[in-house]
Structures are given as structure tokens and as C-alpha cells.
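A short write-up of the structure that comes next.
The values are calculated or read from the model by the stated rules, or taken from the named source; none is laboratory data. Keep in mind the model is a prediction, meaning the values are calculated, not measured. For neighbour counting, all protein chains shown are included, and Cβ atoms are generated from backbone atoms with ideal geometry for every residue, glycine included. Remember, those area values only see protein heavy atoms, side chains included, never the ligands or the DNA or RNA. Shrake-Rupley method; radii C 1.70, N 1.55, O 1.52, S 1.80 Å.
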Amino acid sequence: MLKNLLAVVLVASAPVLQAQVRVIESSPQSIRSGVAQSDLPASAESDVYSQIRALQEEVALLRGLLEEQSYELKQLKQLQLDNYMDLDRRLSGGTPPVTSAANIQNMPPISTAPVTTSVSGARLTDTASESDVYKAAYDLLNQKDFDGSVVAFKEHLNRFPNGDFASNSHYWLGKIAMLKKDYAQAKSWFTELIANFPSAPKVPDAQLDLGKVYFLMGDKAKAKSLLSEVAAGSTDAARLAQKFLSDNF
């Protein structure tokens, strides 16, 4: 009798036990599923990812601009230091600039009376040193008087075509033309600098800017060739050339 009663109890409780087993088995799966799933819809996740990518690209662009501006500021500071060091050397009795025979032939007759030359408002005597003439031009550039500095740099080249700062005048004339988007004129100044002063410190910078000029003029094949040549070097211009190639090719 007892056996029959136990059998009836077991048969009656079987569905309840099966239900409990199913609940226990399914609970971990439900928990795992809830943890893996995101509360955001797929479209929202895609938008967030796109915004993050856009911000990363913007930060990279700003970092590149900052690096380029820092490099240009370093150039300006070095140029200013070179100017004053050269001026100090000349005032201390250093070697005066050498004038070639070709320059002498092109020079006007020397007058015994003191003659002054106007360089966009600045007046310099014909006996002014090359560093004085160049510094007057560079000061105008530093004041953002671009038209005046063009006149002054050209005046410097007319008086000292092969002087110590002739390559610098070519470079800044090219940069000003580039700033004014006169790419043909910029190309001419940079090309003359590279051809006439191949060992000048400004050559890598001129090659970098000439490559950019070719790019802006639509000659991307020539731009890539020249910029790749600059990028293979070890100068600061090489790093900027590498970045320009990475961003544009």
C-alpha cells in the first residue's frame, strides 16, 4: 500500500520537477544573452563609431597643422638668429661680402655723393651692407607687408645676386607668391633657388614647397616624384614631405 502511495506521489510531482529543471537550465542562457546584448540599437552604435572616427581624423589634422606651424616658427627664429649673427660678424670687422666680376659689370657707376635707395618706406644708402638690406626686407615680411617685402627682397637680389642671403630672398619670394596663389611665379623662384644655390640650407625647404606647387598646379606625378626625393632625406622638410605624401597620395 505504501509503495503504491509513493508511486502516485512521484507521478504527480514529475511535471513540477521538469518545469524546475527547465527554468534552472534556461536561466544562465538568459543571463548570458542579457549581458551580451547592448541597450543601443545598431544604427545608434554605427553613428557613435562614425563620430569617434571623425574626431580622430580631426585631431590628426590639427596635430599635423600644429607640427607644420611649429616647424615654420623654428625656421623664422633660426633665420632671425642668422641675420643678427651675420650682422654682428660684419660690424666686428669680419670678411665683407665678395662681389663677382659679373656683378661689377652690372653695377651702375659709383657716385661720390651719398645716394639713398627707398625700399618700401625704408631708406638705405648704397653703402649699406647686404645684411642690412636683407634685414630691411625680412622686417617687412615679419610685419606682413607682403607687397613691400617683395620689392625689398628683389632690391636685395638686384644689389647682391650672389650674396650670403640670396638663396633666402629667393625662398621668401617663392613663399609670398605661393601665399598669393601665384603658383607659376612661386615655381620660378623655387626652381631658381635649387638650380643656382644647390648647397644652400634652404634647398630642402624649396624642394618641399616646389612639390606642393606642382601638386596645386595639377601635376601630381611631378609633385610625388619631387616630394618622395625630399622625404628620403633626414631634414625637417623630409618629415613634412612624408606627411604630405601620406595625406594626398
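I'd like to check something: does the range 192-205 contain any residue that is among the charged types (D, E, K, R), without any contact (Cβ under 8 Å) to a residue 40 or more places away in the chain and assigned to a helix (DSSP H, G or I)? Walk me through how you get there before you give the answer.
The initial filter retains those residues of the range 192-205 that are among the charged types (D, E, K, R), namely 192, 202, 205.
Now narrow it down to the ones that are without any contact (Cβ under 8 Å) to a residue 40 or more places away in the chain: 192, 202.
Okay, now just the ones that are also assigned to a helix (DSSP H, G or I), so 192.
Yes, the range 192-205 has at least one match.
Has the range 217-232 got any residue that is free of Cβ contacts under 8 Å to residues at least 60 places away in the same chain, in a loop (DSSP other than H, G, I, E, B), closer than 28 Å to LEU62 by Cβ and open to solvent by 70 Å² or more (accessible area, probe 1.4 Å)?
So in the range 217-232, the residues free of Cβ contacts under 8 Å to residues at least 60 places away in the same chain come out as 217-232.
Then drop every residue that is not in a loop (DSSP other than H, G, I, E, B), which leaves 217-219, 232.
Remaining after also requiring closer than 28 Å to LEU62 by Cβ: 217-218, 232.
Adding the requirement that they be open to solvent by 70 Å² or more (accessible area, probe 1.4 Å) leaves 217, 232.
Yes, the range 217-232 contains a residue that is free of Cβ contacts under 8 Å to residues at least 60 places away in the same chain, in a loop (DSSP other than H, G, I, E, B), closer than 28 Å to LEU62 by Cβ and open to solvent by 70 Å² or more (accessible area, probe 1.4 Å).
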- Query: open to solvent by less than 60 Å² (accessible area, probe 1.4 Å), more than 23 Å from the chain's Cα centre (by Cα), over 22 Å from SER228 (Cβ atoms) and in contact (Cβ under 8 Å) with a residue 60 or more places away in the chain, is that true of GLY163?
  - Reply: yes
- Task: Could you grab me the full set of residues in the range 184-200 that are within 14 Å of GLY163 (Cα to Cα) and open to solvent by less than 70 Å² (accessible area, probe 1.4 Å)?
- Result: LEU193, PHE197, ALA200
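Can you pull out the residues in the range 233-249 that are touching a helix residue (DSSP H, G or I) at 6+ places or on another chain (Cβ under 9 Å) and either assigned to a helix (DSSP H, G or I) or modelled with pLDDT of 95 or more (or both)? Steps first, please.
Step one: filter the range 233-249 for residues touching a helix residue (DSSP H, G or I) at 6+ places or on another chain (Cβ under 9 Å), giving 233, 235-245, 247-249.
Those that are touching a helix residue (DSSP H, G or I) at 6+ places or on another chain (Cβ under 9 Å) and either assigned to a helix (DSSP H, G or I) or modelled with pLDDT of 95 or more (or both): ASP236, ALA237, ALA238, ARG239, LEU240, ALA241, GLN242, LYS243, PHE244, LEU245, ASP247, ASN248.
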